[in-house]
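Novice: Take this structure, written in C-alpha cells, and hold onto it; I'll ask about it next.
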Amino acid sequence: MSLTRAENISKMLTEKGVSPSIQRIKILQFILDNEHHSSVDIIYQELIHEIPTLSKTTVYNTLALFVEKGIINSITIDNTEILYEKSQKPHAHFQCNICKNIIDIELDSNLYGITEIEKNRVEKVNIHLRGICSKCLKNESINI
Ligand SMILES: [Zn+2]
Ligand SMILES: [Zn+2]
C-alpha cells in the first residue's frame, strides 16, 4: 500500500528527528510543492485558510527548525526578508530588477563548501546575482 502525501511528509520529518504535527506537515508540504522562494508572510497567508489557529510566530519557528535540521534552505537577499526553499544541491540566485523574480541558477563554485577563508570562519555561502531576467529582456525588446 502506498503512503499518502501527508504520511510521506510525516515520515520525512520523523526521519529528521522532528515530531510531525499537522501544522509542520502542512508547512513542509507547501514548501515542497512550491517552485518559488517563499517568505513567512506568503506561507502564513496561504495556510491560514486551512489552519485557522496558525500564527506567524509558529510559521517562523517551524521554518527555523526545518532549516536547522537541514530539511529546507533559507536565503536572504538584500537583507530584507528571509526566503525559504526546499533543500537541493547548492545553487546561486538571480534576482530581476524589474519583475523582482528570484531564479535558481546552477552555478559550479568552489565557494559552496568552504568553511574558512583568509582565517575567517565561513558559516553560510549565498551567491546572488542581479540584473534583468530573460523574460523581461524579451518584453523590453518587444516594447522598443
Ligand atoms: Zn524579470
Ligand atoms: Zn533557490
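Novice: Given H placed on each backbone N at 1.01 Å, which residues far from Asn101 in sequence or on other chains put an amide H within less than 5 Å of it?
Specialist: Under 5 Å from the amide H of Asn101 lie the amide H atoms of Cys96, each far enough along the sequence or on another chain.
Novice: Out of the chymotrypsin sites (Phe, Trp or Tyr not before Pro) in the stretch 1-79, which ones are loop residues according to DSSP with at most 10 other C-beta atoms within 10 Å?
Specialist: Values: sites: Phe30, Tyr44, Tyr60, Phe66; in loops: none.
The qualifying sites: there are none.
Novice: Give me the aspartates and glutamates in straight-line cross-link reach of Lys69: C-alpha distance below 13 Å, same-chain residues under 8 apart excluded.
Specialist: Output for Lys69: Glu15.
Novice: What ranking of Val67, Val40 emerges when the number of other C-beta atoms within 10 Å of each C-beta is taken as an exposure proxy, fewest first? Don't skip to the answer; put the middle values down first.
Specialist: Numbers: Val67 15, Val40 20.
Fewest-to-most Cβ neighbours within 10 Å comes out as Val67, Val40.
Novice: Counting Lys +1, Arg +1, Asp -1, Glu -1, what net charge surrounds His91 among other residues with beta carbon under 11 Å of its beta carbon? Can you show the working numbers first?
Specialist: Details: positive: Lys89; negative: Glu85, Asp104, Glu106, Asp108.
That sum, taken over residues with Cβ under 11 Å, equals -3.
Novice: A follow-up question, please. Mind checking which of Ile132, Ile105, Ile117 has the largest fluctuation in a GNM of the chain, springs on alpha carbons under 10 Å?
Specialist: Ranking Ile132, Ile105, Ile117 by mean-square fluctuation puts Ile117 first.
Novice: From the C-alpha gyration tensor of the chain, pull out the three semi-axes of the equivalent ellipsoid (sqrt of 5λ each), sorted largest to smallest, in whole Å. Walk me through the numbers on the way to the answer.
Specialist: Numbers: eigenvalues 174, 97, 43 Å².
Computed over the chain, the values are 29, 22, 15 Å.
Novice: Sort Arg24, Arg121, Arg130 by Cβ crowding within 10 Å, fewest neighbours at the top. Please list the in-between numbers first.
Specialist: Numbers: Arg24 19, Arg121 7, Arg130 11.
Ranking Arg24, Arg121, Arg130 by Cβ neighbours within 10 Å, fewest first, gives Arg121, Arg130, Arg24.
Novice: Moving to a separate point now. With a sphere of radius 12 Å drawn around the Cβ of Arg24, what net charge do the other residues whose Cβ falls strictly inside it have (Lys, Arg +1; Asp, Glu -1)? If you can, show how the numbers build up before the last one.
Specialist: Working: positive: Lys16, Lys26, Lys69; negative: none.
With Lys, Arg at +1 and Asp, Glu at -1, the net is +3.
Novice: For the stretch 89-144, what's the relative contact order in percent, using C-alpha pairs closer than 8 Å and at least 6 residues apart? Let's see the in-between values first.
Specialist: Numbers: 58 pairs, mean separation 22.8, N = 56.
Relative contact order of the stretch 89-144: 41 percent.
Novice: Please give the net charge around Ser10, taking every other residue with its beta carbon less than 13 angstrom from that of Ser10, where Lys and Arg add +1 and Asp and Glu add -1. Present the calculation step by step, with values, prior to reporting the outcome.
Specialist: Numbers: positive: Arg5, Lys11, Lys16, Arg24, Lys26; negative: Glu7, Glu15.
My count for the surroundings of Ser10 gives +3.
Novice: Continuing with this model, one more query. In whole angstrom, how far apart do the alpha carbon centroids of the stretch 115-144 and the stretch 27-64 sit?
Specialist: Distance between centres, Cα-based: 26 Å.
Novice: Any chance you could tell me what percent of the C-alpha pair distances in the stretch 22-74 go past 12 Å?
Specialist: Values: 831 of 1378 pairs.
Pairs farther apart than 12 Å: 60 percent.
Novice: Return a whole-number percent for the relative contact order of the chain, with Cα pairs under 8 Å and 6 or more residues apart as the contact set.
Specialist: On the way: 143 pairs, mean separation 24.5, N = 144.
RCO, the chain: 17 percent.
Every read-out reported here was derived from the displayed coordinates using simple, explicitly stated rules and does not represent laboratory data. Keep in mind that what you see is a predicted model, and the values were worked out from it rather than measured. So basically every Cβ, Gly included, is an ideal-geometry build from the backbone, and we count neighbours across all protein chains shown.
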